[in-house]
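The values are calculated or read from the model by the stated rules, or taken from the named source; none is laboratory data. Predicted model only: the values in this text are computed from it and were never measured. Positions of Cβ are generated from backbone atoms using ideal geometry, with glycine treated the same way; all protein chains shown enter the neighbour counts.
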Amino acid sequence: MTTKVHILSGIELARPFQIRRLGHFGLNVESPEKSLQFYRDLLGFKVSDQIDFADRLPPELKNQVGPTVGFFTRHGTDHHSFVLFPKKAVEKVNPQYARFPQLTANQLTWQVGSLQEIVDAFSWFTDQAIPIIRSGRDLPGSNWHFYPTDPAGHINELYYGIEQIGWSGHSKALAMHDIKFQQPPNLPYHSEYAEVNRAIAHQIHIHAGWRDQSNIAETYPVDGILLARPFKIIKIGPVRLFVDDLSAAKDFYTRIMGLRLTEEIKYQGHSCYFLSSNTEHHALAIYPTALRTILGLNPSSTTFAFAMQVASYQQLRTMYHYLKDAGITIQPIPHELSPGLGHHFYAIDPDGYLVQFYWEIEQIGWDGNPRPAGLRRTFGLNPSTWPTTIESQSDSFMGEVFLGPLN
Ligand SMILES: [Fe+2]
């Protein structure tokens, strides 16, 4: 462990980087195509690109792993905020899954502020002897990154510079995917604008990229706009994970990754930690595996839940009925396990993963203190019992702003 002070853009820090937010998350699923019915058709994520793992599989395994195509999806302008990858195929491609058989989360991905930070963080993680699975830059997505793992095997990613999808909804053309780095670059590196200029100079049709094909009738008025569903997901996270060694996980995510411990709770005698990357109460929560048994959740996965924020309380209530009407199972999970979240509920996805929906998350200010528990909202586990309107709180509309448009 080092106590050296690092200078990041004129600021003295314990590390040469600063995580700004959870940028994306991924799940390994039996059939990404089937999962799209839930995540794209019902929830509204748009496919921004797809990836076929077949080429990375040994020939004798190609017909034994089921689906090999995964999807990058987005809720906003980032090329992806959520990925669905084929479980059996990625387990054969990446040896991390053989080492950690309960690993079902594909990645927990954290955004930093610059390419300089990625390069310096890569060296720093290497100096700390933190395992790194790979590094460089991948297209689709265009982001510069490296993948360190936590002590329980969860694959984290730090990145800078994810491709932005604009008004036309097209991702970068496939012909622009010839850029490949398997290590951090020498700095300074030229801008993305210069890369696009070069593609144009090479006569590449830069608008020939992927565009989501779903075409569901837009029949729901949502805050003045007609949408294909009665809500809009505006943010991803927090991620909730189970770990056997809680102190090792806490040490990794605070001392190494630099997340802030916002709150610790005891649930039936078990400590649970809530960690923040910005002003939200938590972007990551870690729970002891013992709780998985108490809650009756899947004993062969360390993924507890993945949360998504919708734009308003009204949308959350409407979403509940919409999902119920679509035949989605809602699972009651005690509210104490999500301190800092306002009204919320959990649905079960096609693979049995818990997806948590909420509209309001407590915002933490300069002193780092969460709201006293006695001042928090109380609400019923069954969303049918929630009132039509509720009072606003001081931080109800605070935090990361969704840039829009709604869709
Ligand atoms: Fe990623």
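Taken over segment 14-55, the residue count meeting the criterion of being under 19 Å from residue 138 (Cβ atoms) and within 16 Å of the ligand (Cβ to nearest atom) is 14. For the condition touching a helix residue (DSSP H, G or I) at 6+ places or on another chain (Cβ under 7 Å), farther than 30 Å from residue 345 by Cβ, touching a residue at least 12 places away in the same chain (Cβ under 8 Å) and among the aliphatic types (A, V, I, L, M), residue 206 qualifies.
Mind checking which strands (runs of 3 or more DSSP E) fall wholly inside segment 221-279 and carry at least 2 residues that are in contact (Cβ under 8 Å) with a residue 40 or more places away in the chain and within 21 Å of the chain's Cα centre (by Cα)?
Numbers: elements: 225-227, 233-243, 260-267, 270-276.
The strands (runs of 3 or more DSSP E) meeting that bar are 233-243, 260-267, 270-276.
Within segment 280-301, the set of residues being touching a Gly at 6+ places or on another chain (Cβ under 9 Å) and part of a strand (DSSP E or B) comprises 280, 284. Residue 304 meets all of the listed conditions (1) surrounded by fewer than 18 Cβ atoms within 10 Å (Cβ to Cβ); (2) not in a helix (DSSP H, G or I) but one, namely (1).
In segment 324-374, which residues are of a type in the set (S, T, N, Q) and free of Cβ contacts under 8 Å to residues at least 12 places away in the same chain? Lay out the reasoning, then the answer.
Our first condition is that a residue be of a type in the set (S, T, N, Q); within segment 324-374, this holds for 329, 331, 338, 356, 363, 369.
369, the sole residue that qualifies.
Checked against (1) of a type outside the set (A, V, I, L, M); (2) at pLDDT 95 or above; (3) within 27 Å of residue 354 (Cβ to Cβ), residue 214 passes all but condition (2).
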